[in-house]
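See below for the structure under consideration.
The values are calculated or read from the model by the stated rules, or taken from the named source; none is laboratory data. Everything numeric in this text was worked out from a predicted model, so none of it was measured. Cβ coordinates were reconstructed from backbone atoms using ideal geometry, including for glycine residues, and neighbour counts include every protein chain displayed. Please note that ligands, DNA and RNA were not included when accessible areas were found on the heavy atoms of the full protein model with its side chains. Shrake-Rupley method; radii C 1.70, N 1.55, O 1.52, S 1.80 Å.
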Amino acid sequence: MSRIVASSRSSFALSKTTQRWQAAHAALLGLLIASPLLAAEEPVKETAREALLLKPTVITAESTSALSTSTEVDLGATASPATLTDDSAALLRGVPGVSLNAAGGLSSLPSIRGLADDRLRIKVDGMDLIASCPNHMNPALSYVDPSNLGSLKVYAGVTPVSVGGDSIGGSIVAERAAPEFAESGAQSLNKGEVGAYVRSNNDARGGHVSLMHANDVFNIRYAGSTSKANNYMAGDDFKATTATGRPGETSPLDEVASTAYETRNDELSMALKLGEDLLELTLGQQKVPQELFPNQRMDMTDNTQKRMNLRYLSEFDWGSLETQVYHEKVEHEMNFGPDKQFWYGNAPGMPMNSDGKTLGGSVKAEIELSADDLLRVGSEYQRYRLDDYWPASGTGGMSPNTFENINDGERDRAALFAEWERELNQAWTTQLGVRYEHVTTDAGEVHGYADTNGMGMMVSNQRRDSAAFNASDRSKSDNNWDATALARYQHDANLDIEFGLARKVRSPNLYERYTWSTWPMAAIMNNVAGDGNGYVGDVDLKPEAAHIVSTSFDWHSTDRRQELKVTPFYTYVDNYIDAVALPGQAVVAEQYNVLQYANQSARIYGVDVSGRMPLTQNDLGQWGAEALVNYSNGENRDTHDELYNIMPLNATFALTQKLGGWSNSLEMVTVQAKNDGSDVRNEIETAGYTLFNLRLSHSWDQVRLDMGVENLADKFYYLPTGGAYTAQGRTMSMNGIAWGTAVPGMGRSYYTGVTVSF
Ligand SMILES: [Cu+2]
């Protein structure tokens, strides 16, 4: 019986790779280097990265669902090698149904079938991390360096309840490399990896190093990385002025201002093997001295994250148990970066600080009820605290006090879930799950820059708005029920069909519920959409509840070298948190406006198609073709307006070649025009475009070399989900900058990178 569940259970077991296999692998690779043409007949299946990740003995807690609702990202893929990027979210580019909402260079926001940001559950090493910033500049994936990832999985739409709650669009599960141990009695393991890369367009350069020592019971590992980049260049001039708002500082007409960044990551982990149990402690720190944002009014001028993660995995006769506790502390600072005007009268900039603290814990068990039944039960807890405050600047409208954007913000979650997986017979596997989540949020009283009803307060309504907010009942409690039903039908060796049905609920975040000021200058600082508008919260927002139905048809050859997967989906969201005009105000076309969050109803439907096939084999190697097509259509059912930031119909086609250690590809990415975006947000239209990328990769035993050219033709294009260009000038004034320009994509860029393991 082809027991799919087996893979989930055996993943929590000791897996061993024999020395003999490694020796054979090394010999084979040696042969390949010596004789590339001969090697063509023996294609290298393992990429260098996989080879680097070979583990003599590994224990992981990875509990993949029996039903293949998830897509595992190939971290060694030629198309997007993890060692060659700074932005972990960018690794998701080739996953069916996923697109990226561009933000800063390190922190683009993945969108799954039109739902992004807090609508997705993103777990890094089991930790639920929350963006502590009114622009969500520091989302969960920005804290994990791609080079330090061991696995990355995407659950689109119908997510098993054991994988995520408090989200409606899907889950992304990122795990660093699992600790490895020497075999009992064998010599200790000492391994490491160093890598570096450069990219021509924005002069990006980065490097990483990891060092590991392990004996048969103890593992200690350090991983560090750093990267830095300048602003990038578009394929052509796109703006009318070089002025940045700073005397003497200009930005060329083809430069996408406010896109530079710099980061540094350090992580130390220790693991102890106790029989078949595993105890892991990971301490991490990230420091981002600068990350600029072309679609926000502000830039990140400092972000420091410190995190601690403790996990215990234990195995019993009846199954397995995972216990986890984590803590994260974030200190986030914003101000106007080098491409944005800094002085406003006598006010030197506008400091904005966000301090976030997260404490979380979970207990999860996998219980083998019988040979055909698996039960997952678990409990999760998370306590989040946020202070978002803007210290006074100068003696004008931003003085004399600190503006309290969110004061003593609290968001606590407690969840319980149970999930039953059953193999009915050879053809059918089913999974049923229920999850209850109790979410409470609260925020303290606030005040603006001035307490008295002075001139500034009159103009900006800070006193009126804060008084109304302070008088409101801000303590909220939501009881959220999720339910998921999945069934997999194996028609024969060449066709699998999956049916998914789910109800998923997400409570509003603190910025959606508790930002209070309608003053345009304050409201435009509260913007997670990147659309240049201002946003005001609503204390009475209700949780979003999505009802999702999807079916996946998976035709494939027995060896899966040829496959076609088609997944149509339909999602209806009750109380979808969209934006409306402020009470008594109208949205003015072709300019930026202040909007308010409001519950609406929405629907999104679409289809993901992915496939691959071998083409031919000749003296130049094995040739293949890959294709990916994504389509989503989102509508607000109350206003019949389009939903914001839905990626237009897009397709990627790749011609792949494998020859000896080479793995090459030529990609064509084609995206349809966006002609009808969200009217309430004055979403900017973007033209369709086609890009070509060439990627070459060569793997030796311990070395991997990557090089390529992105956007070969230096095509100029605008990012359909990159938001509004607010990158330079007088950005503190809502319409002090011109409306109507989207953020351009990057022009031609050559890259090369090398990774060496030892
Ligand atoms: Cu920020």
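Can you find a residue in the range 292-304 that is acidic (Asp, Glu), in a strand (DSSP E or B) and under 22 Å from residue 529 (Cα atoms)? The answer is yes, given that some residue of the range 292-304 is acidic (Asp, Glu), in a strand (DSSP E or B) and under 22 Å from residue 529 (Cα atoms).
Considering only residues in the range 662-681 that are of a type in the set (Gly, Ala, Ser) and under 22 Å from residue 622 (Cα atoms), the one that is surrounded by the fewest Cβ atoms within 10 Å (Cβ to Cβ) turns out to be 665.
Here is a yes/no grid of residues against (1) in a loop (DSSP other than H, G, I, E, B); (2) touching an Asp or Glu at 6+ places or on another chain (Cβ under 7 Å); (3) of a type in the set (A, V, I, L, M); (4) over 30 Å from residue 716 (Cβ atoms):
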{"position": "646", "(1), (2), (3), (4)": "yes, no, yes, no"}
{"position": "658", "(1), (2), (3), (4)": "no, no, no, yes"}
{"position": "666", "(1), (2), (3), (4)": "no, no, yes, no"}
{"position": "678", "(1), (2), (3), (4)": "yes, yes, no, no"}
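Taken residue by residue, the range 708-727 has at least one member that is in contact with an Asp or Glu (Cβ under 7 Å, 6 or more places away or on another chain), crowded, with 19+ Cβ neighbours inside 10 Å and on the phi < 0 side of the Ramachandran plot. Picking from residues in the range 99-123 that are away from the ligand (no atom under 16 Å from the Cβ) and either open to solvent by less than 10 Å² (accessible area, probe 1.4 Å) or among the aromatic types (Phe, Trp, Tyr) (or both), the one that is nearest to the chain's Cα centre (by Cα) is 110. Applying the condition of being within 15 Å of the ligand (Cβ to nearest atom) and open to solvent by 10 Å² or more (accessible area, probe 1.4 Å) to the range 136-173 and asking which residue is nearest to residue 499 (Cα to Cα) yields 139.
Yes or no: residue 411 within 30 Å of residue 521 (Cα to Cα), more than 16 Å from the ligand (Cβ to nearest atom), open to solvent by less than 40 Å² (accessible area, probe 1.4 Å) and basic (Lys, Arg)? Spelling it out, residue 411 is indeed within 30 Å of residue 521 (Cα to Cα), more than 16 Å from the ligand (Cβ to nearest atom), open to solvent by less than 40 Å² (accessible area, probe 1.4 Å) and basic (Lys, Arg).
Taking the range 229-284 as the range and being open to solvent by less than 50 Å² (accessible area, probe 1.4 Å) and β-branched (Val, Ile, Thr) as the test, the residues that pass are 244, 256, 259, 263, 282. Name the single residue, out of those in the range 124-135 being within 16 Å of the ligand (Cβ to nearest atom) and open to solvent by less than 20 Å² (accessible area, probe 1.4 Å), that is farthest from the chain's Cα centre (by Cα). By that ranking, first place goes to 134. Every listed requirement among (1) buried (at least 16 other Cβ atoms within 10 Å of the Cβ); (2) free of Cβ contacts under 8 Å to residues at least 60 places away in the same chain is met by residue 592 save one, (2). None of 185, 207, 195 is away from the ligand (no atom under 16 Å from the Cβ), open to solvent by 20 Å² or more (accessible area, probe 1.4 Å), out of contact with any Leu (no Cβ under 7 Å at 6 or more places or on another chain) and outside any loop (DSSP other than H, G, I, E, B) except 207.
Would the range 641-650 turn up any residue that is under 22 Å from the mean Cα position of the chain (by Cα) and β-branched (Val, Ile, Thr)? Yes, the range 641-650 contains at least one residue that is under 22 Å from the mean Cα position of the chain (by Cα) and β-branched (Val, Ile, Thr). Mind listing whichever residues of the range 239-278 are within 18 Å of residue 289 (Cβ to Cβ) and among the small types (Gly, Ala, Ser)? Those that are within 18 Å of residue 289 (Cβ to Cβ) and among the small types (Gly, Ala, Ser): 258, 260.
Given the criterion closer than 27 Å to residue 309 by Cβ, surrounded by fewer than 23 Cβ atoms within 10 Å (Cβ to Cβ) and within 14 Å of the ligand (Cβ to nearest atom), identify the matching residue among 335, 353. The match here is 353.
Look at residue 470 and say whether it is part of a helix (DSSP H, G or I) and open to solvent by less than 60 Å² (accessible area, probe 1.4 Å). Against the criterion (part of a helix (DSSP H, G or I) and open to solvent by less than 60 Å² (accessible area, probe 1.4 Å)), residue 470 qualifies.
Per the conditions (1) polar (S, T, N, Q); (2) more than 23 Å from residue 510 (Cα to Cα); (3) within 14 Å of the ligand (Cβ to nearest atom), the sole criterion not satisfied by residue 341 is (3).
Conditions (1) surrounded by fewer than 24 Cβ atoms within 10 Å (Cβ to Cβ); (2) part of a strand (DSSP E or B), marked per residue:
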residue	(1), (2)
503	yes, yes
508	no, no
517	no, no
522	no, no
527	no, no
538	yes, no
542	yes, no
545	yes, yes
549	yes, yes
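Just one residue in the set 721, 741, 731, 670 is free of Cβ contacts under 8 Å to residues at least 40 places away in the same chain and closer than 24 Å to residue 645 by Cα; that residue is 670.
Let's see how each residue does on (1) modelled with pLDDT of 95 or more; (2) out of contact with any strand residue (DSSP E or B) (no Cβ under 9 Å at 6 or more places or on another chain):
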| position | (1), (2) |
| --- | --- |
| 130 | yes, no |
| 133 | yes, no |
| 143 | no, no |
| 147 | no, no |
| 153 | no, no |
| 166 | yes, no |
| 177 | no, no |
| 183 | no, no |
| 187 | no, yes |
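All conditions in (1) open to solvent by 30 Å² or more (accessible area, probe 1.4 Å); (2) acidic (Asp, Glu); (3) touching a residue at least 40 places away in the same chain (Cβ under 8 Å) hold for residue 574, with the sole exception of (3).
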